[in-house]
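Below is one structure, written out as structure tokens; comments come after it.
None of the figures in this text is laboratory data; all of them are computed from the coordinates on show. All values derive from a computational prediction rather than experimental measurement. Ideal geometry is used to build each Cβ from the backbone, glycine not excepted, and the neighbour counts take in all protein chains shown.
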Amino acid sequence: MTAADPLDVSVVVIGGGQAGGEVAASLRLAGHRGAITIVSDEDSYPYTRPPLSKGYLLGQTERSELLLRDEQMYRSHAIEVRTGRHATSIDRRARRVGLDDGTDLGYDALVLATGGRPRHLPHPELDGAVNLHYLRTLEDVDRLRDGFTVGAHILIIGGGYIGLEVASVARRRGLEVTLLEANPRILSRVAAEPTSEFFTRIHREEGVDLRVDTRVAEYVLDATNRIVEVVLTDGHRLAVDLVLAGIGLIPNVELAETAGLAVENGILVDTGLRTSDPHVFAIGDVARFPAADGSGMRRLESMPNAAEQARVVADNILGNPRPYDAEPWFWSDQYDVKLQVTGLSTFFDETVVRGDPASGRSLSVFYLKAGALQAADIASNPKEFAAAKRLVASRAVIDPALLADPAVALRDIIAALPASV
Ligand SMILES: Cc1cc2nc3c(=O)[nH]c(=O)nc-3n(C[C@H](O)[C@H](O)[C@H](O)COP(=O)(O)OP(=O)(O)OC[C@H]3O[C@@H](n4cnc5c(N)ncnc54)[C@H](O)[C@@H]3O)c2cc1C
């Protein structure tokens with residue numbers, strides 16, 4: 001970097017989401033004095049997305065409550081936020097970023113926090129369908145909320161967390177809900193069978209018509225470009241008022257790719273979150289980084305990941321190098337159930353269930369690999385989650401019979417661990 005003192009380097013952040021907003025604030029809070037500019041192609045100042053499919057969709061969280069920090073903070077800390085501006089190019093040799101208004105910005109350090117966009121249904125005839133929705137931004141939710149009238153029928157395509165959270169809010173707002181999952185079970189990419197089974201039951205109990213192994217075979221649109229009916233692969237026809245597709249995220253890598261940075265299902269970074277160019281970092285949903293446990297490269301789509309990566313990059317820019325090695329965690333709210341996940345629930349050869357997925361509103365599922373604990377999904381039990389976090393962090397080999405027995409407190413299992421783990 002060109003400035004002699006890392007506290008004086010000029011930083012440009014592309015993307016004003018969770019990661020972009022956090023990195024700018026973290027730099028200032030750590031005493032950084034150089035210029036900081038956030039380029040955001042949304043109209044809002046940086047805001048947090050998790051409430052979009054929860055309290056905000058429900059109408060219980062105000063727009064202003066979503067902001068990471070109020071606008072005054074950016075002004076008083078001399079952080080320039082260019083909203084409504086898209087970064088269109090990066091000249092890595094000259095270290096300049098081009099914007100869609102023809103201006104450009106010089107940098108010593110560039111942070112790519114470009115996140116991702118919803119994957120669209122692979123049906124070009126649906127482009128512009130007025131009642132088809134995807135969920136990523138505040139504007140997306142405002143549009144969706146407009147159609148949330150009591151008795152309306154929403155078809156949700158995709159049994160991932162976003163689809164399930166929208167189903168839960170829609171039921172609480174009095175809508176009729178059908179949820180289609182193309183795979184044999186919901187949450188199949190992110191959780192083991194007991195967790196899928198648990199949430200399938202909860203949604204059905206709450207009145208969701210949840211169908212697995214089912215897709216839409218045909219969409220019927222009227223003259224106003226509104227989807228009015230769908231024909232399912234099992235032959236059923238359903239009249240619909242709204243359709244929401246929650247079928248995954250495409251990382252926004254194009255800018256990095258055009259600039260010649262290494263990209264492969266995300267922008268590739270090292271443990272310090274540097275890209276293949278040492279002056280350029282990537283963080284949040286768009287970054288693919290080496291897992292601290294040596295299990296390979298991973299890209300995570302979670303708020304804590306985006307926030308912590310931002311803090312790590314701020315330290316690395318300021319000359320206090322440290323690797324990103326935080327334990328992944330995540331949560332999801334559906335009805336009165338809060339699911340909390342610690343570790344990665346995709347890395348296992350055995351699961352242990354504590355509680356009964358077939359009844360009640362709480363459940364704990366532990367994921368083990370070669371006997372060692374890797375992750376846990378804990379529903380409606382914050383105390384157990386706190387203990388599970390400590391256990392998972394230990395990666396200890398634990399007797400599955402102890403984990404499975406609700407009469408054995410997790411804190412007693414922790415107390416019995418050898419001091420070395
Ligand atoms: C509805 C919803 C619910 C969620 N719920 C949870 C939850 O319960 N728990 C959890 O842990 N996580 C949740 N997440 C995920 C979490 O919100 C994301 O992981 C987090 O927002 C990622 O932050 P980010 O800054 O990497 O990306 P984003 O928040 O996507 O921000 C990227 C920003 O960059 C902008 N951008 C992209 N390219 C350019 C460019 N060239 N020029 C200018 N700007 C650009 C984008 O428009 C966007 O504003 C949820 C996400 C959604 C959408």
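In the chain, helices alone account for a calculated mean residue ellipticity at 222 nm of -6500 deg cm²/dmol, with every DSSP H run of four or more residues adding -39,500 (n - 2.57). Prolate is the label for region 234-276. Its Cα gyration tensor axes, ordered a ≥ b ≥ c, give a/c of at least 1.5 and a/b above b/c.
Shown is the FRET efficiency for Leu238 and Asp5, computed with R0 = 51 Å from the Cβ-Cβ distance and rounded to the nearest 0.05: 0.20.
Counted over the chain with a bin width of 20 Å, the fraction of Cα pairs per bin, in whole percents, is 25, 53, 22, 0. Backbone geometry of region 131-146 corresponds, through the Karplus equation with coefficients 6.51, -1.76 and 1.60 at θ = phi - 60°, to 3J(HN,Hα) couplings of 10, 9, 10, 10, 10, 9, 10, 3, 4, 4, 6, 4, 5, 5, 4, 4 Hz, x marking Gly and Pro.
Taking a ≥ b ≥ c as the square roots of the eigenvalues of the Cα gyration tensor, an a/c ratio of 1.5 or more together with a/b no larger than b/c marks region 314-385 as oblate.
Estimated at 0.36 nm per residue, the fully extended path between Val228 and Ala416 surpasses their Cα-Cα distance by 61.7 nm. Beta bridges assigned by DSSP with both partners in the chain are antiparallel in approximately 60 percent of cases.
Quick one: plug the Kirkwood hydrodynamic radius of region 268-342 (C-alpha pairs) into Stokes-Einstein at 4 °C, 1.567 mPa s, and report D in µm²/s. Estimated via Stokes-Einstein, D reaches 99 µm²/s. Using the Cα gyration tensor of region 189-277, with a ≥ b ≥ c the square roots of its eigenvalues, what is the shape: rounded (a/c below 1.5), prolate (a/b larger than b/c) or oblate (neither)? Oblate, since a/c reaches 1.5 and b/c is not below a/b.
Distance between the 7 Å Cα→Cβ label points at Gln60 and Asp399: 4.1 nm. For region 64-187, DSSP calls about 60 percent of its internal beta bridges antiparallel. Evaluating 6.51 cos²θ - 1.76 cosθ + 1.60 at θ = phi - 60° for every residue in region 80-97, the Karplus couplings come out as 7, 10, 9, 7, x, 10, 9, 7, 10, 7, 10, 9, 6, 5, 7, 6, 9, 10 Hz, glycine and proline recorded as x.
Using 0.36 nm per residue and subtracting the Cα-Cα separation, the extra length available between Ala292 and Arg322 on full extension is 9.6 nm.
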